[in-house]
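Student: Can you keep this structure in mind? I'll have questions shortly.
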């Protein structure tokens, strides 16, 4: 074998011996650097040997803490993240842990593993969407060492492990939707140089994030309100396209002394109704019942809230009122303007399909509890603004947690599916949904 | 195995029949392609009765029963006799071939030319019956070992399709996956006689129209072109569809100029517009990293020409990322 291979083999054997000898020596409780130090081929052998020889006098890593369990081995710097007592992990602790790493290790040994560990731990500390923390983490990299200095170094991936680590940090930023800023760019420049993969990824993030920042036509704020009433108001406004709708709080949750959670007998009830819906309800035939259906799920970012609707079945074709087109009584300007795309008879932008028609929805509400008593209170509250509701029979069709909305069972041309089969399917859905949620 | 045997048998019989299509090895490779693509474990749509269906429906039912292990459907024993099935399939393919030739004289896809040229809004997929559901395949990350479930069934009154399930972003412990949690509904590639792959030609339309009702989750719409060429195997054009949630039907109009190009799941630096003349399939994916149940109700999917939309392509190439394009 060649002299280089012999050298490496000898070095490996000597390290192994030192490790065995060092296992019996007690020393400071700081953890020891991994066996194969992550140095590139560019560092001198002397530096590596000198660097590793110091550490081989240190003891093996401390025994795993009892709360982790004896079978799971700790990562090397994990105890830096365990200083804080359980339940109070926050940004300050995380920042302190990262800074401690820098203070312990002037040469930042094992920084790649530490950064991977810190990326994994971010979620526990709740800082995964904090740009300052990501910049601090990028600060852990030693500067100016990994920058390529010649065209050959630029051609081949210079310090690939560190570049992969940098890309992993940026990828976690991308996953959580954090936009990097000028400080990140400067840090990446200092650490990796302009022609490196982390810098390329940064440029791509800048481009595509700014392109896709505002493409959501129904944006939901990042920080959802904690208060259930505010969340209900936000959800109802989100669902209702008509801006004239009025949101009414029919019942506020009564707070208890100890925990502050809503009293179970008085959950919040928030409803929404537009003036058009009010008018439609006033015109509704009292002989036909209206249905309270629900609960249906609505996702706001990562929170799921449930809502109920008050709707009626579609009228059969014979009972539908034909809209009269009033004759034009104003000669100065048209009272009704129909602006279509079509330029003339040859333009037809309508689809050749009969769209799904469903009965009108009269109101929506979000309540803390999904039982009939709460919804009855909602109906009573609705009766104040819609006196016609007092004469209309209300049927409660609840306890369906499957995702779909019920279509009217009569009044359409196609025959409805047989009800027992439909209910069976829904019960299956319900069970699956319950299993999914529980 | 039986599937391959039947295909080979079919190929053997066809070898002796005169037909205007390409020579035998081409046919055999095409069948092989169909076999390999069908072995990718799609989760079968629930509610399918796989018995008593002719020709390719029978074949699909067959491979579904082999492959779909997680749908608890009652085990139906169809009366399958291979000879009858093969004869039916041959007859069906010849009938389709005859229709194809006859329709060619009438016009594209059997409709008169003036109707096709003047068309400004076209319904491509509608969900009014169980056979419309067969045009779609439903997948989830179960194929890589994840735990999301997704099902497709007809909605109430057979007027819409309901795609529902549970998303779980638990990473499968196979040592190579870093992330997980996706569900997708993909349309089947349209096939002509003898399983020849066809494509949709939407070159005179410029907007995709969907009438859906969701639960507030953001979906991604993916359009794939012909994927037979190996360079194009993982390429697709995508854009996002944001559902509002609520009891009202939502009309989503996505112009084709907004679709960005991606390869192997990553957005590429060199972007070019989606060319509409050879579109293979369209798909909807949900992968928004939020665990929990979801649903999406679809009324129909169509394409139309939006006269107010004049943009050709929404994304410019930047010289920083792609210096070679700007030389």
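Please treat every number below as a calculation from the coordinates, not as lab data. Predicted model only: the values in this text are computed from it and were never measured. FYI the Cβ positions are ideal-geometry reconstructions off the backbone, even for glycines, and counts take in every protein chain you see.
Student: Taking Cα centroids, how far is the range B:232-274 from the range A:273-334 in Å?
Tutor: Going from one Cα centre to the other spans 33 Å.
Student: How many partner chain Cβ atoms sit within 10 Å of a residue's Cβ in peptide A:297-308, on average, as a whole number?
Tutor: Working: counts 8, 8, 12, 2, 5, 5, 3, 7, 2, 0, 3, 1.
Across the residues of A:297-308, the mean count of other-chain Cβ atoms within 10 Å is 5.
Student: With N residues in the range B:119-159, what two-decimal value do you get for its Cα radius of gyration over 2.2 N^0.38 Å? Walk me through the numbers on the way to the answer.
Tutor: Working: Rg = 14.1 Å, N = 41, 2.2 N^0.38 = 9.0 Å.
My calculation over the Cα atoms of the range B:119-159 gives 1.56.
Student: Oh, and also: Which whole-number percent is the relative contact order of the range A:146-291 (Cα, under 8 Å, 6+ apart)?
Tutor: Worked out over the range A:146-291, it gives 16 percent.
Student: Next question, about the same structure. Starting with the fewest neighbours, write out A:310, A:137, A:243 ranked by other beta-carbon atoms found within 10 Å of each beta-carbon.
Tutor: Going from least to most buried by this count: A:243, A:137, A:310.
Student: Can you give the alpha-carbon Rg of the range A:72-213 over 2.2 N^0.38 Å, where N counts its residues? Walk me through the intermediate numbers first.
Tutor: Values: Rg = 15.4 Å, N = 142, 2.2 N^0.38 = 14.5 Å.
So the Cα radius of gyration is 1.07 times the expected 2.2 N^0.38 Å.
Student: Using only alpha carbon pairs under 8 Å that are at least six residues apart, calculate the relative contact order of the range B:207-300 and give it in whole percent. Don't skip to the end; give the middle numbers.
Tutor: Values: 183 pairs, mean separation 39.1, N = 94.
Worked out over the range B:207-300, it gives 42 percent.
Student: Got the relative contact order for the range A:72-213 handy, in percent, Cα pairs under 8 Å and 6 or more residues apart?
Tutor: Details: 127 pairs, mean separation 33.0, N = 142.
Value for the range A:72-213: 23 percent.
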